[in-house]
Amino acid sequence: RPISKEKMRMLFLSQIIPIKGLERLLRIMFKIGIKKFKDWEFLIAGYEDKNHTVFLKKLVLELNLRELVKFVGPKLGDEKIRTFDSTDLFLLPTFNENYGIVVAEALARGIPVLTTKGTPWEELNKYNCGFWVDNNEEGIKDALMIVLQTSKSDLKAMGERGKKLIKSKYF
């Protein structure tokens, strides 16, 4: 299925390995219900651990999420920037991350971020530029439910605050 221009977009862009939490995220999306994501698409981009990617693709089929989820391969250079710039929310449902450079990259492009307390990004909540949530299904699910009720313009405003955070603290 081609990538949609009309739907809002969630993006995961990192290594596709178990510690990044994609299996957990897909199961949460299933529990929330595919109908709640009718205005969204979820792109999974990055370098693939072939076995894990095969597992995740099977899981997408099992959970009947194929209308929502698209695996788009690695994104580098200008293509990576274009992918970020076409995104409304960045997701990093990781179990553990030392820093999470992709969080900074997403914020620098004006994209709000939803990630876990397995990352050191408590500034997301402090500056209202995303969601830094408990590192469990409930924390991720609660934040996703909020996102699904948030307007595109409010997400954009969060992203702008994220861009200001990166410029003021990291440049």
Original post:
What is the spin-label model distance, in nm, from Glu62 to Phe95 if the labels are put 7 Å beyond Cα along the C-beta direction?
Top reply: 1.6
**OP:** Tell me which residues come under 5 Å, amide H to amide H, from Gly73 once H is placed; ignore anything under 5 positions away on its chain.
**Re:** Gly46
Original post:
Accessible area per residue, 1.4 Å probe, Å², for the chain: what's the number?
Top reply: 51
Subject >> For segment 10-51 and segment 61-118, distance of Cα centres in Å >> reply: 9
Subject >> Sequence-separation-based contact order of the chain, relative, with Cα cut under 8 Å and 6+ spacing, percent >> reply: 23
Subject >> Spin-label proximity, Ser86 to segment 8-49 - amide N less than 18 Å from point 7 Å beyond Cα toward beta carbon >> reply: 8-14, 39-47
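Summarise the accessible area of segment 79-146 (1.4 Å probe, protein heavy atoms) by the percent that is carbon and sulfur. Show your work: numbers first, answer last.
Values: 1370 of 2840 Å².
Solvent-exposed carbon and sulfur of segment 79-146 make up 48 percent of the total.
Based on Cβ point charges of +1 for Lys and Arg and -1 for Asp and Glu, what charge dipole magnitude is obtained for the chain about its Cα centre, in debye rounded to the nearest 20? Mind showing how you got there, number by number?
On the way: 30 positive and 22 negative charges, 75 e Å.
Rounded to the nearest 20 debye, it is 360 debye.
By the scheme Lys and Arg +1, Asp and Glu -1, what is the net charge of all other residues having a beta-carbon under 15 Å from that of Leu107? Walk me through the numbers before you get to the answer.
Details: positive: Lys80, Arg109, Lys126, Lys156, Arg161, Lys163, Lys164, Lys167, Lys169; negative: Asp85, Asp88, Glu97, Glu105, Glu122, Glu123, Glu160.
Overall, the nearby charge balance is +2.
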**OP:** Can you spot the lysines whose alpha carbon is less than 22 Å from Lys38's alpha carbon? Ignore those fewer than 8 places along the same chain.
**Re:** Lys5, Lys7, Lys57, Lys58, Lys70, Lys141, Lys152, Lys156
**OP:** Please work out which option in (1) 40, 39, 31; (2) 44, 31, 31; (3) 46, 44, 31 gives Cα extents along the principal axes in Å calculated from these coordinates, and answer with its label.
**Re:** (2)
Subject >> Amide H contacts under 5 Å for Glu41, placed H, 5+ residues apart >> reply: Met8, Arg9, Met10
Subject >> Given charges at Cβ of Lys, Arg, Asp, Glu: the chain dipole, positive-most of Val133, Phe37, Asn51 >> reply: Phe37
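How charged is the neighbourhood of Met10? Take every other residue with its Cβ under 9 Å from the Cβ of Met10, and add Lys/Arg as +1 and Asp/Glu as -1. Present the calculation step by step, with values, prior to reporting the outcome.
Details: positive: Arg9; negative: Glu41, Asp88.
With Lys, Arg at +1 and Asp, Glu at -1, the net is -1.
The values are calculated or read from the model by the stated rules, or taken from the named source; none is laboratory data. Since this is a predicted model, take the numbers as computed values, not measurements. All Cβ positions, glycine included, derive from the backbone under ideal geometry; neighbour counts span all protein chains shown. Accessible surface is based on the protein model in full, side chains and every heavy atom, while ligands, DNA and RNA are left aside. Shrake-Rupley method; radii C 1.70, N 1.55, O 1.52, S 1.80 Å.
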